[in-house]
Amino acid sequence: MTTTLDRPPVNTPGAGEREKKTARLRASRIALHTFLIAVCLVWLAPLLWTVFASLRTYEDTAANGYFSLPSELTLSNFGKAWETADLPNYFWNTLVITIPAVIVTLLFSSFVAFGVTRFSFRFNLALLMLFTAGNLLPQQVIITPLYRLFRLIPVPEWINYKETLLDTQLGLILIHIAFQIGFCTFVLSNYMKTIPNELTEAARVDGAGVLRQYWQVILPLCRPALGALATLEFTWIYNDFFWAIVLIQTGDKMPITSALSNLRGQFFTDYNLLAAGSLLVAIPCLVVFFALQRQFVGGLTLGSTKG
Amino acid sequence: MAEVSYVGASRVFAGSPPVRAVDQLDLDVADGEFLVLVGPSGSGKSTALRMLAGLEDVDEGTIQIGSKDVTNVPPKGRDIAMVFQSYALYPHMTVAENMGFALKLRGTPKTQIKEKVAEAAAMLDLTKYLDRKPKALSGGQRQRVAMGRAIVREPSVFLMDEPLSNLDAKLRVETRANIAALQQRLGTTTIYVTHDQVEAMTMGHRVAVLKDGILQQCDTPRALYDKPANAFVAGFIGSPAMNLKTVPLAPEGARLDGIVVPLERTALSAAQSAGLSSVTFGVRPESLRLASVEEEGIDMTVELVEELGADALVHGAVKIGDGSERFVVRVDGRTPPQLGQNVKIAVRDASEVHLFHPETGERLTD
């Protein structure tokens with residue numbers, strides 16, 4: 001934006017005209033920055049408000065309301081939330097669900113994407129459409145049949161003493177995989193289409209079988225897409241509340257999102273505590289984002305072809 | 001090292017009507033030979049190469065490498081190495097990894113891979129760049145890495161698909177000579193695809209000219225130039241192109257602009273026995289000369305003079321029948337005629353005239 005504004009005038013008009021032009025530029029720049037700052041503030045306001053609330057005590061806000069200057073700031077809410085809500089246990093539950101789900105989703109969807117983009121066979125477009133269309137099913141509609149289905153699917157006793165898929169973390173992992181694979185396949189197949197065909201051909205001539213083409217040539221080049229998807233998927237699965245609340249019944253198998261509701265009393269809710277808990281729960285997503293951010297590099301396929 | 005043969009090999013792409021990209025190709029390449037496949041775009045030359053590589057199905061006929069029928073063998077079982085037009089280097093691997101990838105897949109011990117890569121890198125002047133990724137290389141260096149990847153494998157056949165077309169003109173001429181020298185040194189059978197007839201003429205031991213999927217002629221560059229099998233080859237090989245015009249026949253020769261250009265007796269009798277009243281008359285620009293005023297010659301109005309230094313190309317209009325046709329004459333560079341000047345041109349020698357059948361394009365002269 002600013003680069004276009006900084007561009008020197010192409011034809012040199014008279015001095016007065018030039019002044020008028022700079023004035024116009026300055027005005028438009030001020031307008032632009034005002035707009036950007038406003039958007040930033042609107043965007044950040046809820047988050048900042050949560051941080052602010054989490055640093056105040058219940059007594060303080062109860063007496064003065066949330067729209068007031070704090071009498072004191074404290075970190076005690078964080079410690080209290082960590083213990084009251086039994087966060088470590090639920091963090092662990094969430095990791096047990098999220099990490100396998102993300103990895104398996106990416107693995108399977110990259111298989112499908114590789115298959116439909118690198119090989120031409122009769123039904124490859126239809127297959128891709130099927131996977132993508134699966135995305136469009138609203139979860140709320142199929143929850144009842146799924147619930148009943150899960151109750152009927154037997155699992156060994158060591159997974160669940162009730163011997164049904166219902167109320168297992170495995171069931172939750174499977175449902176996340178099933179629901180996220182469509183989107184990931186769609187993104188990955190579009191990304192793989194941009195990788196030149198000659199690369200797989202070169203690999204074939206070099207003696208690489210299909211698995212090697214996938215694992216050693218195509219997959220390393222999909223790193224930016226995989227990184228972006230891993231971040232998105234991690235956030236989505238991590239934040240899931242809907243499937244967890246329906247398909248898991250035992251409290252201590254629940255993921256972290258449900259732990260937040262433990263901070264809510266039946267008759268009374270300490271919103272400062274809840275704010276602190278929410279912030280704690282949000283941290284892993286940020287960690288994942290910053291860890292995977294390095295992978296979002298463009299132009300990875302640069303250099304494979306002509307200069 | 002191995003000889004290669006195409007036996008009635010065809011590639012038909014589905015469609016209505018189906019496209020015969022390569023049609024009944026019969027071609028034998030000797031062990032150690034450098035064969036160039038040349039033709040305009042869409043002639044099927046790349047498809048023919050890809051069929052040999054195993055990247056394209058063979059719908060009819062067979063392909064043999066050595067004495068082995070490889071028609072249905074996947075690329076990795078064919079012992080070939082290919083250099084792609086776009087180089088197709090693996091962008092996430094270093095130069096050394098790119099070059100050693102095939103050996104690694106074959107399970108060659110690491111020390112041996114390193115040795116062979118170093119050897120090939122030295123040959124191609126790439127030693128300094130072994131640890132770089134392809135994106136940190138220039139176009140010419142990438143091209144050499146692509147060559148190196150092929151050399152390291154010591155295959156029985158090299159396949160090259162327009163490997164020079166992405167280089168600038170100067171580098172192309174240089175690399176052209178390097179590739180030819182390298183092939184000479186390694187003695188590996190090489191099939192090289194290009195659309196550039198200069199590349200074809202300068203590099204190939206033999207050149208195969210394709211058009212619309214059909215092999216037109218396969219011979220040494222000299223023979224292609226001196227005795228093109230048909231009007232297409234005559235027009236395609238040589239720069240500037242041969243002057244090819246349909247002219248009426250007279251009892252003693254071909255009639256151009258009121259005069260009769262004498263033809264060789266054998267050619268003339270071949271044309272007459274075929275019952276032709278006109279022929280496709282072909283004469284290369286250097287087989288024409290400017291005639292002096294007293295001589296009998298063909299009148300030409302100069303429309304364009306291209307000075308190349310050593311010689312000049314004179315383009316001009318000559319009357320044939322009712323119309324006028326453009327001729328190109330190669331003349332001495334120091335005394336070219338002026339633009340718009342009327343000159344007389346003559347054929348240097350009757351034996352330098354090529355006659356072709358006006359409909360089939362087949363050569364009539366022998």
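Kirkwood radius, chain A, all distinct C-alpha pairs, inverse of mean reciprocal distance: 23.9 Å. Note on region B:13-99: semi-axes of the ellipsoid equivalent to its C-alpha gyration tensor, largest first and rounded to whole Å, are 25, 18, 14. Listed values for region A:56-67 are Karplus-derived 3J(HN,Hα) couplings in whole Hz (6.51 cos²θ - 1.76 cosθ + 1.60, θ = phi - 60°), namely 9, 8, 4, 4, 4, 6, 5, 7, 9, x, 6, 8, and x replaces Gly and Pro. When only alpha carbons of region B:77-147 are considered, Rg and Dmax amount to 11.6, 33 Å.
Which of the pairs B:Lys135/B:Lys170; B:Lys245/B:Lys319; B:Lys68/B:Lys104; B:Lys104/B:Lys133; B:Lys319/B:Lys344 have their Cα atoms more than 20 Å apart in this structure? Going by Cα-Cα distance, B:Lys135/B:Lys170; B:Lys68/B:Lys104 fall outside the 20 Å limit.
The modelled label-to-label distance for the pair B:Arg222/A:Tyr161, using points 7 Å beyond Cα in the direction of Cβ, is 9.5 nm. Largest GNM mean-square fluctuation among A:Thr57, A:Thr168, A:Thr250, using chain A with Cα springs under 10 Å: A:Thr250.
Computed about its Cα centre, the charge dipole of chain A is approximately 1320 debye, with only Lys, Arg, Asp and Glu carrying charge at their Cβ. Pair-distance distribution P(r) for region A:85-126, from all Cα-Cα distances in 10 Å bins starting at 0: 26, 28, 21, 15, 9, 1 percent.
Once the other residues with Cβ under 13 Å from the Cβ of A:Gly277 are scored (Lys, Arg +1; Asp, Glu -1), what is the net sum?
On the way: positive: A:Lys80, A:Arg264; negative: A:Glu83, A:Asp86, A:Asp270.
Summing Lys/Arg as +1 and Asp/Glu as -1 gives -1.
Report the label-to-label distance for A:Phe35 and B:Ser277 in nanometres (one decimal), using points 7 Å from each Cα along the Cα→Cβ vector. According to this spin-label approximation, the distance is 7.8 nm.
With an 8 Å cut-off on Cα pairs and a minimum separation of 6 or more residues, tell me the relative contact order of chain A in percent. That works out to 26 percent. Taking 10 °C and 1.306 mPa s as conditions, region A:58-210 diffuses translationally at an estimated 79 µm²/s according to Stokes-Einstein applied to its Kirkwood radius (Cα pairs). Using the average count of surrounding beta-carbon atoms within 10 Å as a protection proxy, the listed peptides B:264-273, A:273-282, A:95-104, A:29-38 rank, highest first, as A:273-282, A:95-104, B:264-273, A:29-38.
Binning all Cα-Cα separations of region B:186-286 at 10 Å, short to long from zero, yields these whole-percent fractions: 14, 39, 28, 15, 4, 1. Each listed q (0.08 Å⁻¹) maps to a log10 I(q)/I(0) for the protein assembly as shown from the Debye sum over equal C-alpha point scatterers, namely -0.87. According to the Kirkwood relation over distinct C-alpha pairs, the hydrodynamic radius of region A:30-126 is 18.8 Å. The mean number of Cβ atoms from other chains found within 10 Å of a Cβ in peptide A:190-202 is 4, as a whole number. A simple charge model with +1 on the Cβ of Lys and Arg, -1 on the Cβ of Asp and Glu and nothing else charged puts the dipole of the protein assembly as shown at about 1960 debye relative to its Cα centre.
Placing a pseudo-label 7 Å from each Cα along the Cα-to-Cβ vector at B:Leu304 and A:Thr22 gives an inter-label distance of 5.4 nm. Across the alpha-carbon set of region B:122-215, the Rg to Rh ratio works out to 0.98, Rh being the Kirkwood radius.
Report the convex hull volume per residue for region B:4-235, counting only C-alpha atoms, in Å³. Each step should come with its number before you reach the end.
On the way: hull volume 30.1 nm³, N = 232.
So the per-residue hull volume is 130 Å³.
Out of region A:54-100, which GluC sites (Glu not before Pro) are coil in DSSP terms and have no more than 10 other C-beta atoms within 10 Å? Walk me through the intermediate numbers first.
Values: sites: A:Glu59, A:Glu72, A:Glu83; in loops: A:Glu72.
Sparse-neighbourhood loop GluC sites (Glu not before Pro): A:Glu72.
In percent, rounded to a whole number, the relative contact order of chain B is 16, using alpha-carbon pairs under 8 Å and six or more apart.
Think of region B:61-131 as having a plus end and a minus end, set by charges on the Cβ of Lys, Arg, Asp and Glu; of B:Ile113, B:Val70, B:Tyr129, B:Val70 sits farthest toward the positive end of this dipole. Over region B:228-366, calculate the relative contact order: mean separation of alpha carbon pairs under 8 Å at least 6 apart, over the residue count, as a percent. That works out to 30 percent.
Only Lys, Arg, Asp and Glu count, each charged at its Cβ (+1, +1, -1, -1), so figure out the dipole size of chain B about its Cα centre, rounded to 20 debye. Numbers along the way, then the final one.
Values: 40 positive and 47 negative charges, 381 e Å.
Computed charge dipole of chain B: roughly 1820 debye.
The orientation-averaged projection of the convex hull spanning the C-alpha atoms of region B:241-356 amounts to 6.9 square nanometres.
Please report B:Leu171, A:Leu260 as a ranked list, fewest other C-beta atoms within 10 angstrom at the top and most at the bottom. Could you put the intermediate results ahead of the total?
Values: B:Leu171 15, A:Leu260 18.
Least to most surrounded, the residues fall as B:Leu171, A:Leu260.
Starting with the fewest neighbours, write out A:Ser120, B:Ser351 ranked by other beta-carbon atoms found within 10 Å of each beta-carbon. Spell out each step's value before the answer.
On the way: A:Ser120 8, B:Ser351 12.
Going from least to most buried by this count: A:Ser120, B:Ser351.
Since every read-out is calculated from the coordinates, none of them should be taken as a lab result. All values reported here derive from a predicted model rather than from experimental measurement. When we count neighbours, we look across all protein chains shown, and the Cβ atoms used for this are built from the backbone with ideal geometry, even at glycine.
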